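Notes follow the structure.
The values are calculated or read from the model by the stated rules, or taken from the named source; none is laboratory data. Being a predicted model, the structure only gives us computed values, none of them experimental. All Cβ positions, even for glycine, are placed from backbone atoms using ideal geometry, and neighbour counts span all protein chains on display. Calculation scope for accessible area: heavy atoms of the full protein, side chains included, ligands and nucleic acids excluded. Shrake-Rupley method; radii C 1.70, N 1.55, O 1.52, S 1.80 Å.
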Amino acid sequence: MFITLEGPEGSGKTSHIPYIVEYFREKGYAVFPTREPGGTSIGEQIREILHDLKNTEMHPRTETLLYQAARAQFVEQVIRPRLAMGEIVLSDRYYDSTIAYQGYGHQQDLEQVRSLIHYATGGLVPDLTILLDVDVEIGLKRKQKADEWNRLDAYTVDFHRRVRAGYVEMAAREPVRWRVVDASRAWKSVQEELRSVILENLEQTK
Ligand code: TMP
């Protein structure tokens, strides 16, 4: 089963993943956590270029293509082999981030972006995608505090508002694959909801 966690900046995805993994491993599931862009040595190198605050001249199309390059490697080197072994792959971001950030955020043509994604992933779609939804201002503040500021965080607040609106629209359009969790609540309640959403899906696919 392939599960992805998505959300605007500061939605807390990254802090939740280790606890989800521990919980499901204790229940006997083989869970493999990973993150995009990265998860492979080539992907991590591309991530550095993408996140480097020095690269202010990067064009949105360059940005879109670099994410797909990292993703193609990630799908072939990590996701497909793990899924083939019967593991649950839990990824911190996947292609919906490209639709949200490069598509809605940078206002690139959504159809063209989707076809690049299709090329990069070979059509691999997650079984479940969870949107950790949070207000843009709250999220950016959380991220600044956590000292994890990167080149994309420095885009305008309007950019991040479009990203969030894009996520909400995608989740509404594909309600079978997407589940929305309100990430503005206390961390513990968010964690509990994440566990129950995943458990419910695992039981349905048994
Ligand atoms: P984060 O997951 O640590 O927040 O950092 C990843 C950053 O990369 C985040 O700002 C979202 C951005 N991103 C894209 O813009 N497009 C993508 O396809 C992916 C995977 C991430």
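A few comments on the model shown:
- The stretch 1-55, subset in a helix (DSSP H, G or I) and acidic (Asp, Glu), residue surrounded by the most Cβ atoms within 10 Å (Cβ to Cβ): 44
- Within the stretch 1-37, being basic (Lys, Arg) and out of contact with any Lys or Arg (no Cβ under 9 Å at 6 or more places or on another chain) holds for 25, 27.
- Across the stretch 54-80, the number of residues qualifying as within 12 Å of the ligand (Cβ to nearest atom) and in contact with a strand residue (DSSP E or B) (Cβ under 9 Å, 6 or more places away or on another chain) comes to 1.
- Which numbered condition residue 157 misses (of (1) over 17 Å from the mean Cα position of the chain (by Cα); (2) closer than 23 Å to residue 72 by Cα; (3) within 15 Å of the ligand (Cβ to nearest atom)): (2)
- Unmet criterion (only one of (1) farther than 28 Å from residue 206 by Cα; (2) in contact (Cβ under 8 Å) with a residue 40 or more places away in the chain; (3) assigned to a loop (DSSP other than H, G, I, E, B); (4) open to solvent by 30 Å² or more (accessible area, probe 1.4 Å)) for residue 69: (3)
- The listed residue being at pLDDT below 95 and more than 26 Å from residue 180 (Cβ to Cβ), out of 59, 51: 51
- Of all the numbered requirements in (1) surrounded by fewer than 17 Cβ atoms within 10 Å (Cβ to Cβ); (2) touching an Asp or Glu at 6+ places or on another chain (Cβ under 9 Å), residue 171 misses one, and that requirement is (1).
- Positions within the stretch 47-79 being farther than 25 Å from residue 125 by Cβ and hydrophobic (A, V, I, L, M, F, W, C), in sequence order: 49, 53, 58
- Members of the stretch 98-153 found to be in contact (Cβ under 8 Å) with a residue 40 or more places away in the chain, crowded, with 22+ Cβ neighbours inside 10 Å and among the polar types (S, T, N, Q), listed by number: 102, 129
- Among the criteria (1) more than 8 Å from the ligand (Cβ to nearest atom); (2) within 15 Å of residue 152 (Cβ to Cβ); (3) at pLDDT below 95; (4) not basic (Lys, Arg), the one residue 39 does not fulfil is (2).
- Residues that are out of contact with any strand residue (DSSP E or B) (no Cβ under 8 Å at 6 or more places or on another chain) and open to solvent by less than 40 Å² (accessible area, probe 1.4 Å), drawn from the stretch 81-97: 95
- The stretch 154-168, residues that are touching a residue at least 60 places away in the same chain (Cβ under 8 Å) and open to solvent by 20 Å² or more (accessible area, probe 1.4 Å): 154, 164, 165
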